[in-house]
Each structure stands twice: as C-alpha cells, then as structure tokens.
Amino acid sequence: MIDKKEAALSSIIAAVFLTTMKFVVGILTFSLGIISEAIHSLLDLLAAMITYFSVSMSDKPADREHQYGHGKIENLSAFLESVLLVITCAWIVYEAVNRLLTNESSVTVTVWSYAVVIVSMVIDFSRSRRLFKVAKRDNSQALEADAIHFSTDILSSGVVLLGLICAHFGYYKADAISAIGVAIIVLFISYRLGKSAIDVLLDRVPDGLTEKVETKLKSNTDIVSFHDLKIRVAGPDTFVKVNVHIGHHLDLAAAHDICDKIEKDICAMIPKCEIIVHAEPV
C-alpha cells in the first residue's frame with residue numbers, strides 16, 4: 001500500500017519529466033499554450049516539493065511546542081499551492097494578451113506538439129487518481145491539493161490541445177486564446193483550494209461535522225445534556241472537546257465508562273480523531 005510520502009515523491013518525479021518535455025517542445029514550436037503549460041508544470045513541481053515536505057512533517061508526533069501536532073502544515077502547504085497557481089495565471093494572461101495585441105510569431109504545429117499534450121494528459125490523469133485515493137484514505141489536504149492541481153492540468157491540457165488543432169488550420173490566435181482558457185480554469189480552482197485551506201487554518205469546522213457529532217451525542221441515553229462542544233481540524237487530525245451532564249448518582253467508574261463510550265463512538269465516526277470528554281454531575 002502506497003503511503004503519503006511515496007505518493008508525494010511520485011508527483012515530483014512526474015512533474016520533472018513533464019516540465020522538461022513541455023519546455024523543450026514549447027520553445028521549439030513557439031507555442032505559448034505549451035509554454036504556459038510548461039510554466040504551470042514548473043509550478044506543479046514546486047508545489048509537489050512543498051507537498052512532499054508537508055506530508056513528511058505532518059506525521060511527526062505532538063511535542064511541547066506543538067501540542068496539537070504538526071498537521072496544519074498540510075493546510076499551509078495547500079494555501080501556498082493556491083498562491084503559486086494565481087501567480088501562474090497572471091503570467092499566462094499577460095503573455096497571451098501581449099501576443100494577441102502584437103501579432104507575434106505564428107505557432108509551428110508538429111506531431112510533437114500533439115504528443116506532449118496527450119502524454120501529459122495521460123500522466124496527469126494517472127497521478128491525480130493515485131493522489132486522490134491516498135488523500136481520501138489518509139484525510140490529507142496537502143495531497144488533495146496536489147491531486148486537484150493535477151486534475152486541472154488535464155483540463156488545461158485539453159484547452160491547449162484545442163488551440164493546437166485550431167492553429168493547424170491557420171487560426172494561430174487560438175493558441176493565445178487557449179492559454180487564457182488555461183488561466184481561467186486554474187484561477188477558479190486555485191480560489192477554491194485557497195479558500196478551503198484558509199478555512200482550516202482559521203479553525204472553521206467542516207460543513208456538517210458539528211451536526212454529526214451533536215446527533216451522536218444526543219443518541220447516547222446516558223447523557224442528560226451537553227455543552228461547549230468544540231471541534232478543530234489540523235491536517236488529517238480532528239480534535240473534539242465537549243462537556244457532558246450525567247446523573248449525580250453515578251460513581252466514578254460508571255462516569256468513566258460513559259465518557260469512554262462517547263470517545264469510541266465519535267472516533268469511529270471521525271478518522272484520526274482525538275477527543276476530550278469532561279463529565280459534570282446534575
């Protein structure tokens with residue numbers, strides 16, 4: 001079974017190969033669409049390296065200085081990836097608009113132009129599927145960000161492929177227009193990615209999670225009531241704290257058993273969850 005570090009390392013290897021291939025073909029064919037994809041892949045490489053570092057750090061156990069562990073470094077990694085994508089978009093749009101306004105050199109469409117785009121789409125599809133699978137299994141936002149990153153590459157490569165086909169039939173401005181299409185796709189995805197990362201960094205509770213925990217607590221007949229439910233997410237880890245009211249006639253052992261059952265029920269519902277239950281007699 002592939003682990004998080006192996007998945008992140010495979011992304012680095014794939015990004016190095018694709019970046020080199022796209023730059024070579026893009027420069028030889030004067031295709032802004034392919035060169036923009038190469039710049040995008042270069043940012044992918046940097047993002048993959050950040051992801052590899054973050055997943056390596058996030059699994060380190062909690063210590064005196066980081067009492068909730070190091071999980072949030074994955075969320076910071078996802079935010080940095082979104083920033084890199086926005087920078088990429090700005091450069092692509094600038095170059096594309098400049099080429100449209102100045103009517104710079106035409107694109108040379110060759111079999112290599114098509115080959116590099118099709119090969120990159122196949123590789124991106126394969127690695128995004130792998131990353132999504134590992135991200136879902138390990139609840140890793142950093143790997144999910146990487147997977148989203150490479151999923152957008154499939155769409156953007158498709159736009160470039162369309163531009164090459166149009167250029168083949170003499171409509172050379174289609175290459176610059178397709179580059180703008182790449183930027184629009186990437187900008188939309190980077191916004192969603194950045195917002196998701198910021199939500200976690202600001203301790204926003206994932207949609208529906210509070211309601212799920214409340215429903216589980218209400219279903220426990222040993223609890224009279226509960227209050228001060230607090231949930232925070234750090235990378236793949238979730239931390240829950242809650243105060244529960246139980247009957248005052250119960251002894252310490254019975255109170256402990258009730259709290260232990262609450263912990264097991266919630267941990268079974270939320271992967272990689274740490275929970276603190278404080279019992280109060282009523």
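Couple of notes before you dig in:
- Cα-based shape type of region 1-114, given that a ≥ b ≥ c are square roots of the gyration tensor eigenvalues and the cut on a/c is 1.5: oblate
- Cβ crowding within 10 Å ranks His40, His256 as His256, His40, fewest other Cβ atoms first.
- Kyte-Doolittle mean at least -0.5, axial Cα span of 18 Å or more - DSSP H helices of the chain: 4-29, 32-58, 72-102, 111-138, 141-168, 173-201, 252-269
- Here the simple spin-label model places points 7 Å from the Cα toward Cβ, and for Thr20 and Asn243 these points are separated by 6.1 nm.
- For the pair Arg129 and Asn220, label points projected 7 Å from Cα toward Cβ lie 4.2 nm apart.
- Neighbour counts of other Cβ atoms within 10 Å put Ile246, Ile92, Ile165, Ile34 in the fewest-to-most order Ile165, Ile246, Ile92, Ile34.
- Proximal aspartates and glutamates relative to Lys218, as straight alpha-carbon distance under 18 Å, when same-chain residues fewer than 8 apart are discounted: Asp228, Asp257, Asp260, Glu263, Asp265, Glu280
- The chain, relative contact order in percent, only Cα pairs under 8 angstrom and at least six apart counted: 19
- Using a Förster distance of 35 Å, the FRET efficiency for Asp207-Ile13 (Cβ separation, nearest 0.05): 0.50
- Solvent-free Debye calculation, one equal scatterer per alpha-carbon of region 209-281: log10 I(q)/I(0) at 0.11, 0.20, 0.27 Å⁻¹ equals -0.25, -0.79, -1.35.
- Cβ-derived FRET efficiency at R0 25 Å, Val119 paired with Leu46, nearest 0.05: 0.75
- Note on Ser56/Leu100: beta-carbon distance plugged into 1/(1 + (r/R0)^6) with R0 of 35 Å gives a FRET efficiency of 0.20.
- Fewest-first ranking of Cys273, Cys89, using other Cβ atoms within 10 Å as the exposure measure: Cys273, Cys89
The numbers here are math on the coordinates, done by the rules we state, and not lab data. Please read these numbers as outputs of a predicted model, since none were measured by experiment. Virtual Cβ from ideal backbone geometry, glycine too; neighbours counted across all protein chains shown.
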